[in-house]
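The values are calculated or read from the model by the stated rules, or taken from the named source; none is laboratory data. The model shown is predicted, which means the values in this text are computed figures rather than measured ones. With ideal geometry, Cβ positions are generated from the backbone for all residues, glycine too; neighbour counts draw on all protein chains shown.
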Amino acid sequence: MEVAMRWWIVVAGWGLTACSGSPPAPANAVEPSLTGLRDFDAITLDSGDSVEVRQGADYAVRIEGPIEARNRMSIRRDGNTLRIGRREHGLWTVDRGAVRIVVMMPVIRAATLAGSGDVTIDQASDPFVATLSGSGDMTIGQLQGDRTTLTVSGTGTIAAAGSVRAMTLTVTVTGSGDIDARQVQATEAVVSVTGSGDVAATINGVARVSLVGSGSATLGPGARCVVQRVGTGEAHCG
């Protein structure tokens, strides 16, 4: 069984896609095909891999995993977005979580997860938009600022943890996914649930809630809810 290799990729200019035909690189080597990734404030993951985003003074990427899996990664900058995924190669597949990508960046304003991967963000800045589709999970350690938008479609979960505060929180669930933002303190919220998903947050003010289906919204004792409901869904407010 091959030992996972890891290295830092220090970035400074433009983004390129990883090459599958390159020979194995020694530990701590710089992968030349990934140099130049900088000046982005958003990330997108569309594979079953794991991404960890850390706030830092500069841009850098570290990849961990078997050489075969690393060689099939596609990591490139598209405008202000760092796009992470796999290059198609016939029927070749890799187990979920076989590759872990650590991204260091000064600020993140948007994160998109499509598929079965996982994204962990240590802290996010205002305004911040998180979008999840599929069965993956996204965890946000600390939200900072006044405006946050969280959207889930599919079966995945977005969780905002830590002692965080957002003045205006907009959350949308379509399908059976969940949003757990109980540790997000907000003075105003717009909540929409379509399907069987659930939303939990702590709102100390007015919350406009739309429920279609059997989903629920639990918004805490300080929430003053204005509810529109079609179906068996429930809004739990103060």
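Observations on the structure shown:
Here's the yes/no breakdown for (1) part of a strand (DSSP E or B); (2) touching a strand residue (DSSP E or B) at 6+ places or on another chain (Cβ under 7 Å); (3) among the aromatic types (Phe, Trp, Tyr); (4) closer than 30 Å to Ala60 by Cβ:
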{"residue": "Ala98", "(1), (2), (3), (4)": "no, yes, no, yes"}
{"residue": "Ser116", "(1), (2), (3), (4)": "no, yes, no, yes"}
{"residue": "Ser133", "(1), (2), (3), (4)": "yes, yes, no, yes"}
{"residue": "Ser153", "(1), (2), (3), (4)": "yes, yes, no, no"}
{"residue": "Ala159", "(1), (2), (3), (4)": "yes, yes, no, yes"}
{"residue": "Arg182", "(1), (2), (3), (4)": "yes, yes, no, no"}
{"residue": "Thr187", "(1), (2), (3), (4)": "yes, yes, no, no"}
{"residue": "Val190", "(1), (2), (3), (4)": "yes, yes, no, no"}
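- Per this entry, Ile140 is counted among residues that are under 22 Å from Thr174 (Cα atoms) and either over 14 Å from the mean Cα position of the chain (by Cα) or not assigned by TED's automatic domain parsing to the domain that holds Glu52 (or both).
- Residue under evaluation Gln144, criteria (1) crowded, with 18+ Cβ neighbours inside 10 Å; (2) modelled with pLDDT under 95, criterion not met: (1)
- Single condition Val107 does not satisfy, out of (1) part of a loop (DSSP other than H, G, I, E, B); (2) assigned by TED's automatic domain parsing to the domain that holds Leu45; (3) free of Cβ contacts under 8 Å to residues at least 60 places away in the same chain: (3)
Residues checked against (1) buried (at least 22 other Cβ atoms within 10 Å of the Cβ); (2) out of contact with any Ser or Thr (no Cβ under 6 Å at 6 or more places or on another chain); (3) not hydrophobic (A, V, I, L, M, F, W, C):
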position	(1), (2), (3)
Gln123	no, yes, yes
Thr131	no, no, yes
Thr187	no, yes, yes
Ala200	no, no, no
Gly205	no, no, yes
Leu211	yes, yes, no
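- Selection count where residues are assigned to a loop (DSSP other than H, G, I, E, B) and surrounded by 22 or more Cβ atoms within 10 Å (Cβ to Cβ), scope the range 41-71: 2
- The residues of the range 72-109 that are surrounded by fewer than 18 Cβ atoms within 10 Å (Cβ to Cβ), modelled with pLDDT of 90 or more and of a type in the set (Gly, Ala, Ser), listed by number, are Ser74, Gly79.
- If you go through the range 158-192 and keep only what is under 18 Å from Leu211 (Cα atoms) and not aliphatic (A, V, I, L, M), you end up with Thr170, Thr172, Thr174, Gly175, Ser176, Gly177, Asp178, Asp180, Glu188, Ser192.
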